[in-house]
Every structure is written in structure tokens, then in C-alpha cells.
Amino acid sequence: MSTRTITLIPGDGTGPELTETTIKVIEATGVKIQWEIKEAGSDVMEKYGTPLPDDTLASIRKNKVALKGPITTPIGTGFRSVNVAIRKELDLYSCLRPCKTYQGVTSRFQDIDLVIVRENTEDLYAGVEFAPKTAETQQIIALSANKIRPDSAISIKPISWFGSERIVRFAFDYARAHNRRKVTAVTKANIMKFTDGLFLEAARSVAAQYPGIEYEERLIDNMCMQLVQKPERYDVIVLPNLYGDILSDLCAGLVGGLGVAPGANFGSDMAVFEAVHGSAPKYKGLNKVNPTALILSGQLMLEHLGEMEAALRLGAAVSAVIAEKKMVTYDMGGSAGTREMGDAIIKKLQ
Ligand code: NAD
């Protein structure tokens, strides 16, 4: 078996302890990986003058695959999100977030198995913002025929046909490859007729090319209600960036919380695997948070590498530890630490 080189970004906050445990678990599957460790996040700002050194991006471009711990984004001030910057810089346009109920996890629902496909590069996350009272802001206010108050800050929401078409195609291709029956496109096209309307038009044109897969549409507000009432009705859900971000946390809540929600970001030839959750800084260094979300992101990475058998064994080991409820972290009602839960999963793999 050949050794793959993969970029590892430990991140900050609880990121380093989560990645340390996750790589031990992945290595216990027997898959040979050489980790190229690269830095990013607030902790490296002073050292490099940027939270996202070029060297880190170059490593992902070279290796094509990365596993990433969470990275803190200070609210309101300081640098923009490193997580968003990585996705933008590498054009990782598709964010995949599977949500499924595990036996043993306390949740209101028992039979959820859905996948969020979130557009990752456009929408209000494009980073096109204008501060109040600048010349640019005043120009936009003038263009709006005074629909915008003069003391406003402004964020631009770009949605392109290209970006919409490729994310919806990704969702249908994913559905086809994973024997999924239905794709639901979610927008607020009744209000944002040009931006969300364009996303919806692109979704309809792609859906027509996949006659074997059911296609339906929902408005985002209705979708939130539907998901907390009857989530088992949904399968693959495709959304623009902002709605996708919010709905993936909602869906994580449906299946037991952020501790069990994995994720992956795909571009045309690169992929970065990371949990849905953030850096949970208040738990930094306490060996407390749940490693499951990052370990399951590692499982998605193994699938991406074609290591199907190892991925299946890893999934089964995680399920077994969760079902036993003995060596699980606080959020699952247990008292095991991050490392101890990882060790229990490794035991199941041996
Ligand atoms: P968070 O996801 O870090 O934590 C919110 C709460 O969820 C925590 O306080 C904790 O109670 C729980 N939680 C999160 N991860 C957990 C885990 N593995 N096990 C058990 N419980 C867990 O969200 P936040 O506090 O809003 O964000 C903290 C920082 O992380 C912010 O700076 C945010 O911008 C950043 N962030 C980064 C990413 C990323 O790296 N992709 C994603 C989301 C947020």
C-alpha cells in the first residue's frame, strides 16, 4: 500500500487536541499517510503577519487533500475568516455536511440521514462589504434610489449562474453516486428574485438532466420549520452559502449536536476535510470536546482517497463506541476526554 501525503492544519482553540486524536484514529485503520503539518489561524498571525501563510495554501495545492482543525474568527474586528479564505482561495465550491442519527446519541429523532450541500464561494460570504459613510457606500446608496438609509453599512450578495449550476450539479452527482432519492433546493426566491431566483432557475435546469432523482423546492423559512418537524422526509439539500451555513448547524442539532457533525469542502481537484463546529475556545487544552465530528470528517477523507474498507471500519468503530455510551464525551452524556474517546475507537479498530 503506498503512502499518501496529506496536509494537516491543526488550527487553534481545541483544534490541535482534536487533530492529534483524529490522526491517531485514522492511522489505526492501517491506511498509510504522511502528514505535512501546516499552520493557520490567530496563533500564527504574529509570526507570519497573516493568519493564512502562502506556504499552507501551497501545501494543499500540492497534496490536493487536507485535514483541518477549526480556526477562530474574531467577531467584528481583525482578520476575515481563515476558513472562508481557504475555501475561496482554493475554489472549494462545495461544502458537504452529512447529518445522521447514531444509536446512543440523545436526540429527538431517530431516523435522520440527510446531507447538506452548501455553496461555498458566493453569496454574502463573498467578502464584498462597504463600511458606513465611505464614498463607495454613498455611490451604492445613490444607485439604490434611496432605498438604503445614509448611515448604512452594505454587504453585496453575488450569486452567479456558473456558481449555482455547478453546486446543484454536485448535489445531483452526489445523490446519484450514493443512491439518494431526492434533492431539495432551498432559497428565498420569492423575495430575492434576482439572486435566489437565479439559483433556483439554475437548479431547475440541472434537475431536468437527472430524471431518476426526485427534485423539489422549499423556501428557507419554511424549510427550517419542516426540518424540526419532519426531518426524515429530506435527503440531499442544496443551498446558497449563508442558508447552507445556518441550516447545517440546525441539522447538527437534530442529530445530537456539533460534536457529531462532519464536513468536507470540495473543489474540482482538491478537498479539505473539517468538522462543522468551530474552535470552541473555552474548552481549549481541557481534553474535553468530542472528537467524533473531526474523526467522521476523516472517514469522509478516507472515502475520497478510495479507502472504502478502512472508511467503513472506521464508521463502524465510531458507531460502536457511541452506542455503548461508556467512553463518550460530556456532550453525549459521558465523562471521557477527547483522547480517551479516541483511544476507545482505536480499540474497536484493532
Ligand atoms: P463552536 O462550534 O466553536 O462552539 C459552540 C459550542 O458548541 C461550544 O461552546 C460547545 O458547547 C459546542 N461544541 C463545539 N464543538 C464541540 C465539540 N467538538 N464537542 C463538544 N461540543 C462542541 O462555535 P462558536 O463558539 O460560535 O465559534 C468559535 C470560533 O470558531 C469562532 O471564532 C468561529 O468563527 C469559529 N468557527 C470556525 C469554524 C471552522 O474552523 N470551520 C467553523 C465555525 C466557527
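May I ask you to list the GluC sites (Glu not before Pro) in the range 193-288 that are in a DSSP loop and have at most 14 other Cβ atoms within 10 Å of their Cβ?
Details: sites: Glu201, Glu214, Glu216, Glu217, Glu232, Glu274; in loops: Glu274.
Nothing satisfies the criteria.
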Contact order relative to length for the range 1-146, counting C-alpha pairs under 8 Å separated by 6 or more residues, stands in percent at 20 percent
Just Ala261, Ala153, Ala317 to compare: in a GNM of the chain, with alpha carbon springs under 10 Å, which one fluctuates most?
Ala153
Can you compute the equivalent ellipsoid semi-axes for the range 191-350, i.e. the square root of 5 times each eigenvalue of the Cα gyration tensor, sorted largest first and rounded to whole Å?
33, 19, 15
In sequence order, what are the phi-derived ³J(HN,Hα) couplings for the range 101-117 according to the Karplus relation 6.51 cos²θ - 1.76 cosθ + 1.60 with θ = phi - 60°, rounded to whole Hz, with x for glycine and proline?
7, 10, 4, x, 8, 6, 7, 5, 10, 10, 10, 9, 8, 10, 10, 8, 10
Using each residue's phi in the range 212-227, evaluate 6.51 cos²θ - 1.76 cosθ + 1.60 at θ = phi - 60° and report the 3J(HN,Hα) Karplus result to the nearest Hz, with x for Gly and Pro.
x, 10, 5, 10, 9, 10, 9, 7, 4, 5, 4, 4, 4, 5, 4, 5
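Taking only DSSP H segments of four or more residues, each worth -39500 (n - 2.57), what value at 222 nm results for the chain once the sum is divided by all its residues, to the nearest 500 deg cm²/dmol? Numbers along the way, then the final one.
Numbers: 12 runs with 141 residues, N = 350.
So the helix-based figure for the chain works out to -12500 deg cm²/dmol.
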Ignoring ligands, DNA and RNA, please state the percent of accessible area on the range 294-350 from carbon and sulfur, probe 1.4 Å.
52 percent
Whose amide H sits under 5 Å from the amide H of Ala271, counting only residues 5 or more places off or on another chain, with H placed in the peptide plane?
Val65, Ala66
Find, among the trypsin sites (Lys or Arg not before Pro) in the range 253-350, those assigned to loop by DSSP (not H, G, I, E, B) with at most 15 other beta-carbon atoms within 10 angstrom.
Lys325, Lys326
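In the range 163-257, which chymotrypsin sites (Phe, Trp or Tyr not before Pro) fall in coil by DSSP and have 12 or fewer other Cβ atoms within 10 Å? Provide the component values of the computation, followed by the final result.
Values: sites: Phe170, Phe172, Tyr174, Phe194, Phe199, Tyr215, Tyr234, Tyr243; in loops: Phe194, Tyr234.
Here the sparse-neighbourhood loop sites are Phe194.
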Sequence-distant or interchain residues sharing an amide H contact under 5 Å with Gly11, placed H: which?
Ala40, Gly69
For the range 272-287, 3J(HN,Hα) per residue [Karplus equation, 6.51 cos²θ - 1.76 cosθ + 1.60, θ = phi - 60°, Hz, x = Gly/Pro]:
10, 9, 7, 5, 5, 5, x, 7, 5, x, 5, 9, 3, x, 8, 6
Can you give the angle from 0 to 90° between the axis of helix 241-254 and the longest principal axis of the chain, with both taken from C-alpha atoms, to the nearest 10?
40 degrees
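Probe radius 1.4 Å, ligands and nucleic acids ignored: give me the carbon and sulfur share of the accessible area of the range 166-267 as a rounded percent.
Working: 2320 of 4090 Å².
Answer for the range 166-267 is 57 percent, counting heavy atoms of protein chains only.
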Under 5 Å, built H, 5+ apart or other chain: amide partners of Lys188
Ile220
Given springs between every Cα pair under 10 Å in a Gaussian network model of the chain, which of Gly244, Gly13, Gly285 has the largest fluctuation?
Gly285
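Could you state the accessible area per residue of the chain in Å², with a 1.4 Å probe and every protein chain left in place?
Values: 15820 Å² over 350 residues.
Result: 45 Å² per residue.
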Over the chain, with a single point scatterer placed on each C-alpha, what log10 of the ratio I(q)/I(0) does the Debye formula yield at q = 0.10, 0.11, 0.15 1/Å?
-0.62, -0.76, -1.35
Once neighbouring chains are kept in place and the probe is 1.4 Å, which whole percent of the accessible area of the range 1-97 is contributed by carbon and sulfur?
51 percent
In the chain, which cysteines lack any other cysteine Cβ under 4.7 Å from their own?
Cys95, Cys224
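The values are calculated or read from the model by the stated rules, or taken from the named source; none is laboratory data. The structure displayed is predicted, hence computed values, not measured ones. Backbone-built Cβ (ideal geometry, glycine too); neighbour counts: all protein chains shown. To get the accessible areas, we keep the full protein, side chains included, count just its heavy atoms, and leave off ligands, DNA and RNA. Shrake-Rupley method; radii C 1.70, N 1.55, O 1.52, S 1.80 Å.
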